[in-house]
Amino acid sequence: MPSGDCDWYVERAVIERGADEVTTTRFVNVAQTTTEALRGALEPLSAQGRVYLVGELRSARIPAGGTTVSVAAPDRVSLAFAALEELAGWPTVPLRDVHLRVQVRHAPGIVVPQVELGATASRLPALLERHLP
């Protein structure tokens, strides 16, 4: 086929409707917790559908992850529709000022539970922990 020729024609285009889907939103706002506690609180939601996180938190040791997890300044982490699976790669570290919107995309009729996550006490003051390796 000579260059510049295109083998795409509108007559061949097919649109397929996907399965019906509903988005349920839950919120997580805690002053202090850990990555382990956050993963544990969000894990039950993954049984209901796909879980995405939007918001901010503070931690000095969270790695950036593509376009969905960005790290600015020494400890400010922003999440933009990060999949729950991305938290699996995070180390078990303290998290501060956690403000997340949790979206669960699921089939209609499924009841999504509330997120049960309370603030956890740290063995050291939060402001000292960020200076530790």
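The table below gives the values:
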read-out	value
Among the candidates Val14, Val22, Val93, residue that is surrounded by 15 or more Cβ atoms within 10 Å (Cβ to Cβ) and of a type in the set (Val, Ile, Thr)	Val93
Filtered residue count, segment 72-85, keeping only those that are over 19 Å from Ala31 (Cα atoms) and surrounded by 15 or more Cβ atoms within 10 Å (Cβ to Cβ)	3
Every residue from segment 99-117 that is outside any loop (DSSP other than H, G, I, E, B) and either more than 17 Å from Arg26 (Cα to Cα) or touching a helix residue (DSSP H, G or I) at 6+ places or on another chain (Cβ under 7 Å) (or both)	Val102, Val104
Any pair with Cβ under 6 angstrom, 6 or more apart, that starts in segment 22-37 at a residue that is more than 18 Å from Val104 (Cα to Cα) and ends at one that is of a type in the set (Phe, Trp, Tyr) and surrounded by 13 or more Cβ atoms within 10 Å (Cβ to Cβ)	Thr35/Trp90
Positions within segment 94-133 being modelled with pLDDT of 90 or more and either among the β-branched types (Val, Ile, Thr) or more than 17 Å from Leu38 (Cβ to Cβ) (or both), in sequence order	Val98, Val102, Val104, Arg105, His106, Ala107, Pro108, Gly109, Ile110, Val111, Val112, Val115
Test: residue in segment 4-11 that is more than 30 Å from Gln114 (Cβ to Cβ), of a type in the set (A, V, I, L, M, F, W, C) and either at pLDDT 80 or above or not in a loop (DSSP other than H, G, I, E, B) (or both)	yes
Residue that is farthest from Leu117 (Cα to Cα), among those in segment 32-66 that are under 12 Å from the mean Cα position of the chain (by Cα) and surrounded by fewer than 16 Cβ atoms within 10 Å (Cβ to Cβ)	Arg50
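The values are calculated or read from the model by the stated rules, or taken from the named source; none is laboratory data. All figures in this text were calculated on a predicted structure; none of them were measured in a lab. Cβ coordinates were reconstructed from backbone atoms using ideal geometry, including for glycine residues, and neighbour counts include every protein chain displayed.
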